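**Q** Structure in structure tokens, see below.
The values are calculated or read from the model by the stated rules, or taken from the named source; none is laboratory data. In this text the structure is predicted, and so the values were computed from the model without any measurement. When we count neighbours, we look across all protein chains shown, and the Cβ atoms used for this are built from the backbone with ideal geometry, even at glycine. To get the accessible areas, we keep the full protein, side chains included, count just its heavy atoms, and leave off ligands, DNA and RNA. Shrake-Rupley method; radii C 1.70, N 1.55, O 1.52, S 1.80 Å.
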Amino acid sequence: MSSNAAAISVNATLAATKKILRSKIRKSLKDLPPPTLTAESDAVEGHLANWDLYKGCSSVGIFLSMPKGEINTRGMVARAIRDGKEVYVPRVGADFELCDMEMVKIPHDAGDIFTTWPKNKWGIPEPPEDADHTIAYEGGSNTIDLMIMPGVAFDTKANRLGQGKGFYDRYLMKIKEKGDQFPTLAGIGLSCQFINDDVPTGENDVALDILISPGGIITTNHES
Ligand SMILES: Nc1nc2c(c(=O)[nH]1)N(C=O)[C@@H](CNc1ccc(C(=O)N[C@@H](CCC(=O)O)C(=O)O)cc1)CN2
Ligand SMILES: Nc1ncnc2c1ncn2[C@@H]1O[C@H](COP(=O)(O)OP(=O)(O)OP(=O)(O)O)[C@@H](O)[C@H]1O
């Protein structure tokens, strides 16, 4: 086998292994009773709120949760705004196939974005394209101190398995290519998403600095 063919086969195996793990965890998430999802989301919010790095940071990147099968971030978003942070959220834009993403600042007068902003194909609210929004890392400013990352699964070394489109991994690569400093990367999720087995990883996957589970903050030895 040529080295090129070998690399393709390794990547195919990696993608298949990730897919199996993704569907297993997605099933657990689907079966989670709504009161458990709410209680666990509140617990994660509590740990975030008490974390010194969060308390000291001025800008936070966070995702707006999907309607189902994902930790509910409404409370965390509202809290970060109340705490006076600049809060940035993803906008994936109209062409999903590009897998391109920006982090857009929530304007101070935005109101209840979960009800007023348009929803993308996954039911996630997104900042409207036509409004005059501030984009993170544009013109070398508006950087993000703390990036709260979604995931399907996280392992004990803070490796992350995402939704399988590579949006966040590509976004982080853009920051690196611009020569900007990485934000602190914190993965959040529900209990069934923190697994003892290793998450399969490839060369594009970026390990996180810290995990926040309903049980508390999990620090790692990972050097960012
Ligand atoms: N709340 C939230 N916002 C986010 C993310 C996320 O994980 N959570 N993203 C993180 O990257 C980006 C969006 N990426 C996503 C990629 C795929 C799916 C998804 O549900 N995909 C399949 C699932 C079924 C399957 O493939 O088996 C689908 O289209 O139904 C959702 C979000 C940016 N915004
Ligand atoms: N930085 C990158 N540049 C180019 N392609 C990438 C990059 N990161 C990931 N990809 C590609 O995107 C696809 C999905 O990657 P992967 O399965 O790692 O996504 P994920 O980390 O689960 O998703 P997400 O980051 O959206 O949560 C793969 O084909 C992968 O090769």
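**Q** Any residue in the stretch 172-191 that's in a strand (DSSP E or B): show its pairings with residues that are more than 14 Å from ligand 1 (Cβ to nearest atom) and open to solvent by 60 Å² or more (accessible area, probe 1.4 Å) at Cβ separation under 8 Å, as long as the two are six or more apart or on different chains.
**A** Taking only residues 6 or more apart or on different chains, the pairs are THR184/LEU53; THR184/SER224; LEU185/SER224.
**Q** Given the conditions (1) closer than 19 Å to ILE144 by Cβ; (2) among the small types (Gly, Ala, Ser); (3) not in a helix (DSSP H, G or I), report the number of the one that GLY123 does not fulfil.
**A** Checking GLY123 against (1) closer than 19 Å to ILE144 by Cβ; (2) among the small types (Gly, Ala, Ser); (3) not in a helix (DSSP H, G or I), the one that fails is (1).
**Q** GLY46 is checked against (1) assigned to a helix (DSSP H, G or I); (2) under 17 Å from SER191 (Cβ atoms); (3) under 19 Å from the mean Cα position of the chain (by Cα); (4) in contact (Cβ under 8 Å) with a residue 12 or more places away in the chain and fails just one. What number does that condition carry?
**A** (4)
**Q** Tell me the residue from GLY189, GLY179, GLY164, GLY151 that is closer than 27 Å to LEU32 by Cα and open to solvent by 30 Å² or more (accessible area, probe 1.4 Å), please.
**A** GLY164
**Q** Scan the stretch 55-75 and give yes if some residue there is more than 16 Å from ligand 2 (Cβ to nearest atom), surrounded by 14 or more Cβ atoms within 10 Å (Cβ to Cβ) and among the hydrophobic types (A, V, I, L, M, F, W, C), otherwise no.
**A** Yes, there is a match, as at least one residue in the stretch 55-75 is more than 16 Å from ligand 2 (Cβ to nearest atom), surrounded by 14 or more Cβ atoms within 10 Å (Cβ to Cβ) and among the hydrophobic types (A, V, I, L, M, F, W, C).
**Q** Applying the selection to the stretch 195-213, what residues are at pLDDT 95 or above and of a type in the set (S, T, N, Q)?
**A** Those that are at pLDDT 95 or above and of a type in the set (S, T, N, Q): ASN196, THR201, SER213.
**Q** Of the residues that make up the stretch 28-45, is at least one more than 16 Å from ligand 2 (Cβ to nearest atom) and on the phi > 0 side of the Ramachandran plot?
**A** No, there is no match, as no residue in the stretch 28-45 is more than 16 Å from ligand 2 (Cβ to nearest atom) and on the phi > 0 side of the Ramachandran plot.
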